[in-house]
Amino acid sequence: MKTRDIFLFCEMYAWVYVKLIKEGSSVKKRTEHNMKILAIDTSNRPLSVALLEDQSLLAENTTTVSKNHSVALMPAISEIFEQSHLKPTEIDRVVVAKGPGSYTGLRIGVTTAKALAYSLDKELVGVSSLAVLAAAVHVDHETLLVPVFDARRDNVFAGGYVWDNDQLINALPDQHISFKDLCAQLVGKKVCFIGADLVKFKDELLELMAGQDYSFAPADSAIPRAFNLGLLGASEKPQSVSDFVPKYLRLTQAESQWLEKNPQGKEKHGPYVKKY
Amino acid sequence: MNEEKDTIILAFESSCDETSVALVKNGSEVLAQSTATQIKSHQRFGGVVPEVASRHHIEQIIGCLDDVFQETGLAYDDLSAIAVTYGPGLVGALLVGVSAAKAVAFAHGLPLVPVNHMAGHIYAARYSAPIEFPTLALLVSGGHTELVYMPKENEYQIIGETRDDACGEAFDKIGRVLGLNYPAGKEIDELAHQGKDTFNFPRAMEKEDNFDFSFSGLKSAFINTVHHADQIGEKLSQADLAASFQQSVVDVLSEKTLRALQKYPVKQLILAGGVAANSELRARLKEECSKLSGLALIEAPLKYCGDNAAMIGAAGYVAYKHGVRGDMSLNAEPGLEFSWLSE
Ligand SMILES: [Zn+2]
């Protein structure tokens, strides 16, 4: 597909999706106030931010060209507010992709989301960055959607999701795991893999999944869309803004080495951070 | 009616291992400050681990922000600007403060003022006395050792800096050799008071005609002395070792500073940065400055010598008055430096 075609396809797809969601939710009683959501995903290389009102999209800015989320994120947020003629104070909740993903990318998104939610006195919800990818792929109820991010050294971040009555259910927890062990967990299931990083595991995948029932989601579903993130976060319970941290799914190397040498270390050590 | 509104600045600092937020009035009064220090965490590793530091910052920053608003009862309407350290420092750590500051500035339509961490250290002295120009600052910390000349307000020019280790870094490294906990500055200072300068370690570049420093030669000489003694089974006095090391550092710092004062006559000498808490350095510079007429020594208050947001609020106030602004694309600059004085 040419880039333009992909854009056209995405737009059409988003429209159908909105329609589906709206029809699906029309049975539920309508809330009086239309919930406005700011959604932020900087967990990997793409950057996506969106404003939603009552589960429909007002504006979205999704790019894959940002070299630095720290530079690009706030201008992108500022832009979608302008396009939507909304003031930051008018939103009700901030939904952020909480990880797994790039540590630095996650911290830029999560810190921004926390600071916005705290200083505007709004709700904060974190949603798995892997679930955001799964939410873009609509398949039958038997298929396990498996979004995958490369975590280097033959490891991946991956989880398993299924659709159940228009609800995305987490069937296999998000985890940091070797690609081999991931495939072992998928034996006997009908699997649909999602993610651009899978190319790096191509040979291994062909070998480990030989004879299994698996497919790949279309290439454009590898890019997280903050619209989907916002939809996923719309019904979640709000979390504590000050305590919220990214789900790195992995200790730092320094900490895991230290814990190896100090098995009871964490309890004995006492608080790592002191306030004065 | 000619009532001037107070300028209240909300300041963020997260360049290394302290998460700090402060509310500062007119650049000279700390209304509230909340700081979370990670020293205990990094002691596990014998030094600051950048990824661990970044993770702690994101855990702590909103709690610190909430503390200063709870303590003062102020609202965003009362603020004039948001100031934030954008460098130098650890990139991942800096990004937490920068991201939070930008988000708050955006949410409330407040001006954003990017602050150089080193300017912050200098302006910690503002909490001791008003600063008069021209002034000279000796900045000594775990990450930096430099002499900064300020011809006027909000102008910073480096006239000399370390060519290798920062002064505080040397303290930590020899502290490790002595089996002390990180950070070692305070313990070495205490040990030194019980000993004498018996080893006569080198005073690097002391006689050279520039204002640069070097501490790696001193560090090597120290380590060699200890290792040699270990090999021949000799037990050296820890107190004398500490005293000798500290004396060498203080000699070099004060010698170079005095030479700089001759070339750049100023009204004030500002002593700032984490190592400015060293008692020997304070005493020596006080003594030297008292011999020079028309020169006042201004020391940052002890509680604002380490990294803190109050100092960023003080420097941020000056930058704010001078129209310094950052936009929403402000990024962390881990290698940020003042420019050199051009002659
Ligand atoms: Zn510092």
(request) With label points built 7 Å along Cα→Cβ from the Cα atoms of B:SER279 and A:ASN34, find their separation and express it in nm. (result) 6.8
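Please express the shape of chain B as an equivalent ellipsoid: the semi-axes are the square roots of 5 times the eigenvalues of the C-alpha gyration tensor, given largest first in whole angstrom. Don't skip to the end; give the middle numbers.
Values: eigenvalues 250, 115, 53 Å².
For chain B, the ellipsoid semi-axes come out as 35, 24, 16 Å.
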(request) List, in order, the whole-Hz ³J(HN,Hα) value for each residue of segment A:235-240 obtained from phi through the Karplus relation with A = 6.51, B = -1.76, C = 1.60 and θ = phi - 60°; use x for Gly and Pro. (result) 9, 6, 6, x, 10, 5
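What FRET efficiency do you get for B:ASN210 and A:THR89 if R0 is 45 Å and r is their Cβ-Cβ distance, rounded to the nearest 0.05? Don't jump to the answer; show the numbers that get you there.
Details: r = 55 Å, r/R0 = 1.22.
The value I calculate is 0.25.
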(request) Please list the helices of chain B that count as membrane-span-like by this rule: a mean Kyte-Doolittle hydropathy of at least -1.0 together with Cα atoms stretching 27 Å or more along the helix axis, each helix being a complete DSSP H run. (result) B:50-72, B:238-263
(message) Explain nothing, just compute: Karplus ³J(HN,Hα) = 6.51 cos²θ - 1.76 cosθ + 1.60, θ = phi - 60°, for every residue of segment B:204-210 in order, whole Hz, x for Gly and Pro.
(response) 5, 6, 4, 9, 6, 8, 8
(message) Just to be sure I understand the model, the point goes 7 Å from the Cα along the line to the Cβ. What's the resulting B:ASP327 to B:ASP78 distance in nm?
(response) 3.2
(message) How charged is the neighbourhood of B:ALA32? Take every other residue with its Cβ under 9 Å from the Cβ of B:ALA32, and add Lys/Arg as +1 and Asp/Glu as -1.
(response) -2
(message) Test of understanding: in a Gaussian network model of chain A with alpha carbons linked when under 10 Å, which of A:GLU53, A:GLU207, A:GLU142 would top the mean-square fluctuation ranking?
(response) A:GLU207
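For the pairs B:LYS40/B:LYS152; B:LYS219/B:LYS303; B:LYS152/B:LYS303; B:LYS152/B:LYS196; B:LYS40/B:LYS207; A:LYS275/B:LYS207, note any where the Cα-Cα span goes beyond 32 Å. Show your work: numbers first, answer last.
Numbers: B:LYS40/B:LYS152 39 Å; B:LYS219/B:LYS303 28 Å; B:LYS152/B:LYS303 26 Å; B:LYS152/B:LYS196 41 Å; B:LYS40/B:LYS207 40 Å; A:LYS275/B:LYS207 44 Å.
Going by Cα-Cα distance, B:LYS40/B:LYS152; B:LYS152/B:LYS196; B:LYS40/B:LYS207; A:LYS275/B:LYS207 fall outside the 32 Å limit.
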(message) Taking just the alpha carbons, could you work out the radius of gyration and Dmax for segment B:267-343, both in angstroms?
(response) 16.1, 49
(request) Could you tell me which of the pairs A:LYS36/A:LYS87; A:LYS247/A:LYS268; B:LYS263/B:LYS286 are separated by over 21 angstrom between their Cα atoms in the structure shown? (result) A:LYS247/A:LYS268
(request) Let me know the whole percent of all Cα-Cα pairs from the protein assembly as shown that are separated by more than 38 Å. (result) 42
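From the convex hull of the Cα coordinates of chain A, what is the mean projected area in square nanometres? If you can, show how the numbers build up before the last one.
On the way: hull surface 69.9 nm².
Projected area, direction-averaged: 17.5 nm².
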(request) Could you check the simple spin-label distance between B:SER28 and A:LYS67, using points 7 Å along Cα→Cβ, in nm with one decimal? (result) 4.5
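What's the magnitude of the charge dipole for segment B:252-322 around its Cα centre, counting Lys and Arg as +1 and Asp and Glu as -1 at the beta-carbon? Answer in Debye, nearest 20. If you can, show how the numbers build up before the last one.
Values: 10 positive and 6 negative charges, 46 e Å.
The dipole magnitude comes to about 220 debye.
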(message) From the phi angles alone, apply the Karplus equation (6.51, -1.76, 1.60; θ = phi - 60°) to segment A:40-51 and give each ³J(HN,Hα) in whole Hz, x where the residue is Gly or Pro.
(response) 10, 10, 10, 6, 9, 4, x, 10, 9, 9, 8, 10
(request) Compare the Cα positions of A:VAL191, A:PHE81, A:LEU145 along the charge dipole of chain A (+1 at Cβ of Lys, Arg; -1 at Cβ of Asp, Glu; about the Cα centre) and return the one farthest towards the positive end. (result) A:PHE81
(request) Using the Kyte-Doolittle scale, find the helices of chain A whose mean hydropathy is at least -1.0 and whose Cα atoms extend 30 Å or more along the helix's long axis, counting only whole DSSP H runs. (result) A:3-25
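When Cβ neighbours within 10 Å are restricted to other protein chains, what is their mean count per residue of peptide A:116-128? Don't jump to the answer; show the numbers that get you there.
Details: counts 7, 3, 10, 15, 6, 1, 1, 0, 1, 0, 0, 0, 0.
If you average over the peptide's residues, the count of other-chain Cβ atoms is 3.
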(message) Cut-off under 19 Å on the C-alpha distance; same-chain residues fewer than 8 positions from A:LYS67 excluded. Which lysines are left, in chain and number order?
(response) B:LYS102
(message) Can you compute the charge dipole magnitude of chain B about its Cα centre, using +1 on each Lys and Arg Cβ and -1 on each Asp and Glu Cβ, nothing else charged? Give it in debye, rounded to the nearest 20.
(response) 320
(request) Take the Cα atoms of segment A:81-216, find their three principal axes, and give me the spread along each one in whole Å, biggest first. (result) 54, 36, 25
(request) Starting with the highest mean, order B:322-334, B:231-243, A:97-109 by the number of other Cβ atoms within 10 Å, averaged over the residues of each peptide. (result) A:97-109, B:322-334, B:231-243
(message) Using the Cα atoms of segment A:131-276, I'd like the radius of gyration and the largest Cα-Cα distance, Dmax, both in angstrom.
(response) 18.1, 60
(request) Give me D for segment B:127-255 in µm² s⁻¹, whole number, from Stokes-Einstein with Rh from the Kirkwood sum over alpha-carbon pairs, 20 °C and 1.002 mPa s. (result) 136
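Just so you know, all these numbers are worked out from the coordinates, no wet-lab data involved. Bear in mind that the values here come from a model prediction, so they are computed numbers and not experimental data. Quick reminder, even Gly has a Cβ in these numbers, built from the backbone with ideal geometry, and neighbours come from all protein chains shown.
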